[in-house]
Amino acid sequence: MKKLIAATALITLAASSISTPVQAASYKVVKGKLVNAKTGKIVTKTTVFKKQLYKKGVLAKGTVLYKNTLYVKGSIPKNYTLYKGTLYAKGKKHHGVNTYKNKLYVDGIVFESNALFVHDEKLHQGEPLYPGMKEYKGILYSDGYPYTGVDGQHYYHNGRDIYNGMLNDAMVTVSYTDEQSAVVRISGIPSAIKYPSASTIISMQGSPATWKIEPGAGQLGDLVFTFTGIQSNGSFNVTISSLFYGEGRGALHFNNKTFSFKSLLQLKSNSDFNQLLHDVEKLKQVEANQGKWFTTENDALTARAIRYESLFGQNGTTAQSNPSLYYAAHQLNNELKVLKKKYDDKYFK
């Protein structure tokens, strides 16, 4: 009960202190002078009372900057005021872009009238926004705003160049779910593609197929093509003509860039691919056989991994000599490197 009474008293005290401002109770103005309400003595320290500035008990004379607020004759001016070369608005340093008395001010500081600068993420030339397209300090602006869309076959997001407009073999992989089915993936494409759209032109040949865009963690994603009914001795293709990103954002054009692929049965006729496929399958079973194959085969596997990298790695020789083989083996080689490192760390460290 005593605790309840004490708590109630504290709440009552807090409420009374909130409803009666300390300053209002402490000061008053008598015959133009600020005095202590209790003693009647003049307040000599610099004090703000009812939004007016007093020094030694009287309204401050002239122009005074006190605690980041500007006062003129003790009061906050309602309009723009210049003080020591800085522009203030209603007593505070002006924020924004403004012309005052034929001079340009940016956040209160005078600028050249035709200066090029960024304010609040917008590009200005003088007071107005910069008209048209302009790259400034690594950011591309359109009519003053960071640009998102295509410019010169590059794709920009919020003004930053995130895609160079190229389609190359290192971006392409194919994985086979069975002898007649495959998934082709072209990675690192700006994912804001508009489709269906007559301006987004993609085609697939050789077997039934569908496509979609899979967004990634950022603004880039993957074009994913699913092929079925692939003939054992057949081939299949993806052709990309253009990718459209919406009105005012443009399209990327690829001049009918075509990627060609072969059936899994045909790829298996290549001894290096067949060995790589076998090694990846064995690595997926390492846990099941408690690492016996991996520890026994590791030296030979390491030598093969070096060869696989020279053939199917980022700059592998088959990228030029045999692209359809490279697309499939490149994906498998990446899998092998991840799995081998995992088990090297587990069994040999």
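Only residues that are within 20 Å of Lys67 (Cβ to Cβ) and open to solvent by 40 Å² or more (accessible area, probe 1.4 Å): list them for the range 27-47, please. Thr44, Lys45, Thr46 - these are the residues of the range 27-47 that are within 20 Å of Lys67 (Cβ to Cβ) and open to solvent by 40 Å² or more (accessible area, probe 1.4 Å).
Would it be correct to say that Glu112 is within 30 Å of Tyr163 (Cα to Cα) and either open to solvent by 60 Å² or more (accessible area, probe 1.4 Å) or touching a helix residue (DSSP H, G or I) at 6+ places or on another chain (Cβ under 6 Å) (or both)? In short, no. Beta carbons closer than 8 Å, at least 6 apart along the sequence or on distinct chains, pair a first residue in the range 292-304 that is farther than 15 Å from Lys346 by Cβ and open to solvent by less than 60 Å² (accessible area, probe 1.4 Å) with a second that is assigned to a helix (DSSP H, G or I) and not charged (D, E, K, R) for Arg304/Gln275; Arg304/Leu276.
Considering Ser203, Ser232, the condition of being open to solvent by 40 Å² or more (accessible area, probe 1.4 Å), closer than 22 Å to Ser260 by Cβ, among the hydroxyl-bearing types (Ser, Thr, Tyr) and in a strand (DSSP E or B) is satisfied by Ser203 alone.
The set of residues in the range 185-216 that are under 27 Å from the mean Cα position of the chain (by Cα) and aliphatic (A, V, I, L, M) comprises Ile186, Ile189, Ala192, Ile193, Ile213.
Here the range 69-95 is the region considered, the condition is being under 17 Å from Phe111 (Cβ atoms) and of a type in the set (D, E, K, R), and the residue that is most open to solvent (accessible area, probe 1.4 Å) is Lys84. Hey, among Thr8, Thr12, Thr86, which residue is at pLDDT 95 or above, out of contact with any Pro (no Cβ under 6 Å at 6 or more places or on another chain) and of a type in the set (Val, Ile, Thr)? Only one candidate passes the filter, namely Thr86. Close Cβ contacts (under 6 Å, 6 or more residues apart or on different chains) running from residues in the range 99-126 that are under 23 Å from Thr81 (Cβ atoms) to residues that are part of a loop (DSSP other than H, G, I, E, B) and among the hydroxyl-bearing types (Ser, Thr, Tyr) comprise Leu104/Ser113; Gly126/Ser113. Considering every residue within the range 102-109, establish whether at least one is charged (D, E, K, R), open to solvent by less than 80 Å² (accessible area, probe 1.4 Å) and under 25 Å from Leu65 (Cα atoms). So far as the range 102-109 goes, yes, one or more of its residues are charged (D, E, K, R), open to solvent by less than 80 Å² (accessible area, probe 1.4 Å) and under 25 Å from Leu65 (Cα atoms).
Residues in the range 97-111 that are at pLDDT 95 or above and part of a loop (DSSP other than H, G, I, E, B): Asp107, Gly108. Of the residues Ser260, Ser269, Ser310, Ser324, only one is assigned to a loop (DSSP other than H, G, I, E, B), more than 32 Å from the chain's Cα centre (by Cα) and either loosely packed, with under 15 Cβ neighbours inside 10 Å or not basic (Lys, Arg) (or both); which? Answer to the selection: Ser269.
Looking only at the range 112-165, residues that are touching a Gly at 6+ places or on another chain (Cβ under 8 Å), among the polar types (S, T, N, Q) and in a strand (DSSP E or B) come to 1 in all.
Is it the case, given these coordinates, that Ser142 is modelled with pLDDT under 95, open to solvent by 20 Å² or more (accessible area, probe 1.4 Å) and of a type in the set (Gly, Ala, Ser)? Taking the combined requirement at face value, the residue does not satisfy it. From the list Thr177, Thr173, the lone residue that is part of a strand (DSSP E or B), in contact with a strand residue (DSSP E or B) (Cβ under 8 Å, 6 or more places away or on another chain) and open to solvent by 70 Å² or more (accessible area, probe 1.4 Å) is Thr177.
For the criterion of being open to solvent by 50 Å² or more (accessible area, probe 1.4 Å), closer than 30 Å to Gly229 by Cα, part of a helix (DSSP H, G or I) and at pLDDT below 95, Gln275 fails. Lys56: surrounded by fewer than 13 Cβ atoms within 10 Å (Cβ to Cβ) and either at pLDDT below 95 or within 23 Å of Lys33 (Cβ to Cβ) (or both), yes or no? For Lys56, the condition - surrounded by fewer than 13 Cβ atoms within 10 Å (Cβ to Cβ) and either at pLDDT below 95 or within 23 Å of Lys33 (Cβ to Cβ) (or both) - is not met.
The values are calculated or read from the model by the stated rules, or taken from the named source; none is laboratory data. Being a predicted model, the structure only gives us computed values, none of them experimental. In this analysis, Cβ positions are derived from the backbone assuming ideal geometry, glycine residues included, and neighbour counts consider all displayed protein chains. Just so you know, the surface numbers come from the protein's heavy atoms only, side chains and all, with ligands and any DNA or RNA stripped out. Shrake-Rupley method; radii C 1.70, N 1.55, O 1.52, S 1.80 Å.
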